[in-house]
Amino acid sequence: MTLTAAALDSLPEGVHTDHKVPGLTLRVGKKRRTWFLRYLAGGQRHKPIIGYYFPGEPELGMSLSAARDKAREILMRVEAEKPVPVRKVKQPKPPVPYVRPTPSAKQVQVTMFRFSDHKVKVTFADLKAAGVVRHRNALHLKIKAGILPAPHKNGEHWQSPAWWYADEIDAALLRERQELER
């Protein structure tokens with residue numbers, strides 16, 4: 001099958017070779033599409049990645065014509081027995097617009113969990129299990145924003161375990177829930 005620019009977006013998962021440029025191959029996976037070139041040089045098989053293709057966003061990755069040009073350039077160097085420079089190709093990440101999450105009913109219900117009914121001291125693991133925070137960075141952001149109080153520590157060392165009194169967390173979560181309901 002000859003690859004065409006129009007067909008690149010709708011190719012099924014698998015390995016697809018181009019018949020115009022020998023060895024040019026597009027590997028279609030679940031998350032990415034990778035251009036690579038298969039060739040023999042010095043009695044050894046080579047398969048360097050030459051670029052990536054993003055369906056619907058060809059300006060981010062390598063188009064079919066750019067992949068063919070790059071493959072022809074490499075093949076000319078191989079035929080002339082010149083060394084082929086090996087460069088790591090970094091996969092560009094498609095831009096993801098930041099969308100501020102809106103609180104759902106589930107998030108509001110999670111904040112109604114009362115720690116004082118279960119524990120005296122609350123740790124990060126407890127907050128994570130209750131769905132108050134998902135990771136440490138979110139915890140630090142909530143503390144910095146004043147949503148959660150600063151933690152207590154068992155010692156002066158910076159690696160001492162941090163904890164909160166259950167009543168402090170319950171009061172902070174009640175304030176947060178009231179602000180979300182406004």
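The table that follows gives values for the structure above.
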quantity	calculated
Residue list for region 1-23, restricted to those being in contact with a Ser or Thr (Cβ under 7 Å, 6 or more places away or on another chain) and in contact (Cβ under 8 Å) with a residue 24 or more places away in the chain	A5, D18, K20
Positions within region 114-128 being closer than 15 Å to D167 by Cβ, modelled with pLDDT of 80 or more and surrounded by fewer than 12 Cβ atoms within 10 Å (Cβ to Cβ), in sequence order	none
Identity of the residue in region 28-52, of a type in the set (D, E, K, R) and surrounded by fewer than 17 Cβ atoms within 10 Å (Cβ to Cβ), that ends up farthest from K90 (Cα to Cα)	R45
Which numbered condition T111 misses (of (1) surrounded by 17 or more Cβ atoms within 10 Å (Cβ to Cβ); (2) at pLDDT 80 or above; (3) not aromatic (F, W, Y))	(2)
Qualifying residues in region 1-45 (those that are among the hydroxyl-bearing types (S, T, Y) and in contact with a strand residue (DSSP E or B) (Cβ under 6 Å, 6 or more places away or on another chain)) - the one nearest to L75 (Cα to Cα)	Y39
Residue that is farthest from L173 (Cα to Cα) [pool: residues in region 137-150 that are in contact with a helix residue (DSSP H, G or I) (Cβ under 8 Å, 6 or more places away or on another chain) and surrounded by 12 or more Cβ atoms within 10 Å (Cβ to Cβ)]	L139
Per-region count, region 147-166, residues within 17 Å of K128 (Cα to Cα), outside any strand (DSSP E or B) and touching a Phe, Trp or Tyr at 6+ places or on another chain (Cβ under 8 Å)	4
Hits in region 84-97 - residues which are surrounded by 10 or more Cβ atoms within 10 Å (Cβ to Cβ) and either modelled with pLDDT of 80 or more or charged (D, E, K, R) (or both)	V84
Counted residues, region 129-141 - those being at pLDDT below 85 and either closer than 15 Å to W164 by Cβ or touching an Asp or Glu at 6+ places or on another chain (Cβ under 6 Å) (or both)	3
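The values are calculated or read from the model by the stated rules, or taken from the named source; none is laboratory data. From a predicted model like this one, the values you see are computed outputs, not experimental measurements. Because the Cβ atoms are built from the backbone with ideal geometry, glycine has one as well, and the counts that use them run over all protein chains shown.
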